[in-house]
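Okay, handing you the structure first.
The values are calculated or read from the model by the stated rules, or taken from the named source; none is laboratory data. Predicted model, so just to flag it, every value in this text is computed and none were measured. Cβ placement follows ideal geometry from the backbone for every residue including glycine, while neighbour counts extend to all protein chains displayed.
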Amino acid sequence: MTAPVLEGRKEVAARPRRRPRRRTNDRLVGWLLVTPAVAYFAVFLLYPALSALYYSFTDWNLRSAASWVGLANYSDLLFNDVKYPHFWKSVQVTLQYTLIAVPLTMVAALVQALLVNSIRRGANLFRLLLFLPVVTAEAAVGAIWRWLYDPQYGLINSVLGLVGIPGQNWLNTPELVIPALAFISAWQCGISMIIYLAGLKGIPGTIREAAIIDGAGPWQRFWRVIVPMLRPTTFYLLVTGVIAALQVFGLVYVIFSGSGRSVTGGPEQSGLSYVLHLYLFAFRYDAMGAACAMSFILLIFIMIITALQFRFVKQEAS
Amino acid sequence: MTRARKASIYVALVLLAAVSVVPFLWMLATSFKHGHDIYTKVPNLLPVDRKTGEWAATLENYDYVLNVGGLGRAFVNSVWVCLILVPAKLLIDALAAYSFARIPFPGRDKLFVVLLGGMMVPTITLLVPRIHVTQSLGMFDSGWGLIVPNIASVLDIFLLRQFFLSLPSELEEAALIDGASRMQIFWRIVLPLSKPVLAVVTITSFLFHWNDLVWPLVVLNDPDLYTLPLALQQLVASPDGGRAYYIMAGATLAVIPVIGVLLVFQRRILQGIAFTGLKA
């Protein structure tokens, strides 16, 4: 980078000596500036990732030394339902939640983005109001929704009562727990809405006009122009949404926290998300090795799901 | 667009906005109500007396959660953590990003790719061993344990580097020829030109750490060190958990600062989300 510039200044006497000095200097300064970040990376990312892999093959808690058990954690988690009775339940809960929450959130986000995009006056205000739930701490979200879902005095049941729907005990009825959680996720669709809005702004006006001239109605324009043009956005939101939903934790933890630091998985473990289960193993049952194995099962699962999504989209495109 | 269609769009938007905002209004109203006034068959979005319907707001819920419920101390802790963590993280990330973007040093690009690879690992996978590392460093259950394990972010380095790369390099080259050092260039030229991205990174990282529940939850035992989200969760989990008026006062304390930040920096935040996509 500096070489061509210095080339033009050949008359500078110091040139042959300056260049190498600048280089050694760059080498030093360059490394110096990245050192804090690289040290952080090594200590809090690389080492934990590798040691998590190692510990997943051991029987380990924070007080004792780890003892090697080979693949026992993995095989026990997957097949030993005496030792880990709720493992598959947590998988089922998490998959159900993902399958409901992700599409619901994306549809809500797209609808909101289309509406906001089609108005001029007040667009910024609506965008802001719809974004509000996103910046809210999950501890506060959990607290607010516990109260909203309150079976006796909660706002949800009161509103449903006004239109004649009987109130439900949302967070205490096993079949209703996941829909209730998915609704909270859709309530927080503001980020996806903003990203969809950016996608909509990226559709050239000429394409829309051409479709209108060709006689396409709004419905046709939506399915034939907007949806295809938003494919990259939708794909991005799908991949990141699935990855996030598979790791749902903080919200469930707050919603189902009991006295002290105890936490249940909801009625009949119906809210026992995979990561909540992992957390319980690591920090309640003191089975760090098993928790590490669970985290790698999740990691592998996320990688497979993401690869499949990429594959699927490629096939669709060709 | 016909008037009827336009009107129906606004009606739909008002309904959706109500769904997103009413929970907050209800939170606020509940937080100002006397205990007995929250138990009504027909919900009241204003703090009024259950029987007479007259205005009956009170601050005693805030008094309780701040002084008895431990949220006052937690609020101060959260402020301290953010005040130290956010600028320190920004500095570390910006220095690294500048070096990766502009200073040719051997092994730079390979190192950067390795760092990016680290972004692929879900944080939950790192959680348990990170606790172990924090313990080994003697920072478990301490204020430093909240700060140091979060003090850099590969994603932020990536975003800052992208922005630095987009700056015209002529200015920096001219400064180099005039004998400016790399650090002078960083402070005097690169940072002033990068205000938009610095703002986005600062705001998103504040929001993230102000709201973060998981890390404080696993790294802290001492209630004196609790941050606001953790103290709020503890309040929910305590025997007071059934007392929605306390909980909602606590939730309001956690929510108000971020809503303030959102209102002040809305343009930057919303642009930043569209630009980075990932964080909230």
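If you scan the range A:233-256, which residues turn out to be under 11 Å from B:Gln233 (Cα atoms) and either in contact with a His (Cβ under 8 Å, 6 or more places away or on another chain) or of a type outside the set (A, V, I, L, M) (or both)?
A:Gly250, A:Tyr253, A:Phe256
Mind checking whether some residue in the range A:57-76 is free of Cβ contacts under 8 Å to residues at least 40 places away in the same chain, at positive phi and not assigned by TED's automatic domain parsing to the domain that holds A:Ser270?
So far as the range A:57-76 goes, yes, one or more of its residues are free of Cβ contacts under 8 Å to residues at least 40 places away in the same chain, at positive phi and not assigned by TED's automatic domain parsing to the domain that holds A:Ser270.
Could you please give the count of residues in the range A:170-207 that are closer than 30 Å to A:Pro218 by Cβ, within 12 Å of chain B (Cβ to nearest Cβ) and in a helix (DSSP H, G or I)?
Going through the range A:170-207, the residues closer than 30 Å to A:Pro218 by Cβ turn out to be A:182-183, A:185-207.
Within this subset, residues satisfying the condition of being within 12 Å of chain B (Cβ to nearest Cβ) are A:183, A:186-202.
Next, only the ones that are in a helix (DSSP H, G or I) stay: A:183, A:186-187, A:190-201.
Number satisfying all stated conditions: 15.
Now for a separate question. Working only within the range B:52-77, note down all residues that are loosely packed, with under 13 Cβ neighbours inside 10 Å and without any contact (Cβ under 8 Å) to a residue 24 or more places away in the chain.
If the condition is that a residue be loosely packed, with under 13 Cβ neighbours inside 10 Å and without any contact (Cβ under 8 Å) to a residue 24 or more places away in the chain, then B:Thr52, B:Gly53, B:Glu54, B:Trp55, B:Asn67, B:Val68, B:Val76 are the ones that fit.
From the residues in the range B:11-59 that are of a type in the set (Ser, Thr, Tyr) and under 31 Å from the mean Cα position of the chain (by Cα), which one is nearest to the other protein chains (Cβ to nearest Cβ)? Let's see the steps before the verdict.
Here is the first cut: in the range B:11-59, the ones of a type in the set (Ser, Thr, Tyr) are B:20, B:30-31, B:39-40, B:52, B:58.
Retained after the next criterion (residues that are under 31 Å from the mean Cα position of the chain (by Cα)): B:20, B:30-31, B:58.
Details: B:Ser20: 5, B:Thr30: 7, B:Ser31: 10, B:Thr58: 18 Å.
Selected residue: B:Ser20.
Would a scan of the range A:125-136 turn up a residue that is over 25 Å from the mean Cα position of the chain (by Cα) and more than 7 Å from chain B (Cβ to nearest Cβ)?
Taking the range A:125-136 as the starting set, the residues that turn out to be over 25 Å from the mean Cα position of the chain (by Cα) are A:125.
In the following step, the residues that additionally are more than 7 Å from chain B (Cβ to nearest Cβ) were identified as A:125.
Checked the range A:125-136: at least one residue is over 25 Å from the mean Cα position of the chain (by Cα) and more than 7 Å from chain B (Cβ to nearest Cβ).
Does any residue of the range A:265-278 turn out to be outside the structural domain of A:Gln96 (by TED's automatic domain parsing) and over 17 Å from B:His132 (Cβ atoms)?
no
So which residues in the range B:13-27 are touching a helix residue (DSSP H, G or I) at 6+ places or on another chain (Cβ under 6 Å) and in contact (Cβ under 8 Å) with a residue 12 or more places away in the chain?
Selection gives B:Trp26, B:Met27.
Next question. Within the range A:239-318, which helices (runs of 4 or more DSSP H) (wholly inside it) include 2 or more residues that are in contact (Cβ under 8 Å) with a residue 12 or more places away in the chain and over 22 Å from the mean Cα position of the chain (by Cα)?
Helices (runs of 4 or more DSSP H) meeting the threshold: A:288-317.
Output the residue which, of all residues in the range B:126-153 that are among the polar types (S, T, N, Q) and free of Cβ contacts under 8 Å to residues at least 12 places away in the same chain, is nearest to the other protein chains (Cβ to nearest Cβ).
Of everything passing the filter in the range B:126-153, B:Gln135 is nearest to the other protein chains (Cβ to nearest Cβ).
One line per residue, one yes/no per condition, for (1) closer than 18 Å to B:Phe100 by Cβ; (2) modelled with pLDDT of 95 or more:
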| site | (1), (2) |
| --- | --- |
| B:Gln135 | no, no |
| B:Ile151 | yes, yes |
| B:Leu155 | yes, no |
| B:Ser169 | yes, no |
| B:Ala174 | no, no |
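Restricting attention to the range B:93-131, which residues are closer than 21 Å to B:Leu220 by Cβ and surrounded by fewer than 20 Cβ atoms within 10 Å (Cβ to Cβ)?
Hit for the range B:93-131 is B:Thr123, nothing else.
Output the residues belonging to the range B:102-116 that are assigned to a helix (DSSP H, G or I) and closer than 15 Å to B:Trp187 by Cβ.
Correct list: B:Arg102 only.
What are the residue pairs meeting all of these: first residue in the range B:176-192, first residue of a type outside the set (A, V, I, L, M) and at pLDDT 90 or above, second residue assigned to a helix (DSSP H, G or I) and surrounded by fewer than 16 Cβ atoms within 10 Å (Cβ to Cβ), Cβ atoms under 8 Å, and 6 or more apart or on different chains?
Qualifying pairs under 8 Å: B:Arg182/A:Asn25.
Further, regarding this structure: Exactly one of (1) farther than 30 Å from B:Phe112 by Cβ; (2) within 14 Å of another protein chain (Cβ to nearest Cβ); (3) out of contact with any Phe, Trp or Tyr (no Cβ under 8 Å at 6 or more places or on another chain) is unmet by A:Arg22. Its number?
Of the numbered conditions (1) farther than 30 Å from B:Phe112 by Cβ; (2) within 14 Å of another protein chain (Cβ to nearest Cβ); (3) out of contact with any Phe, Trp or Tyr (no Cβ under 8 Å at 6 or more places or on another chain), the odd one out for A:Arg22 is (1).
Since A:Gly167 meets every condition but one in (1) without any contact (Cβ under 8 Å) to a residue 12 or more places away in the chain; (2) not in a helix (DSSP H, G or I), which condition does it not meet?
The number of the failed condition is (1).
Would you check which residues across the range A:160-204 are closer than 23 Å to A:Leu125 by Cα and among the β-branched types (Val, Ile, Thr) and list them?
Matches in the range A:160-204: A:Ile184, A:Ile191, A:Ile194, A:Ile195, A:Ile203.
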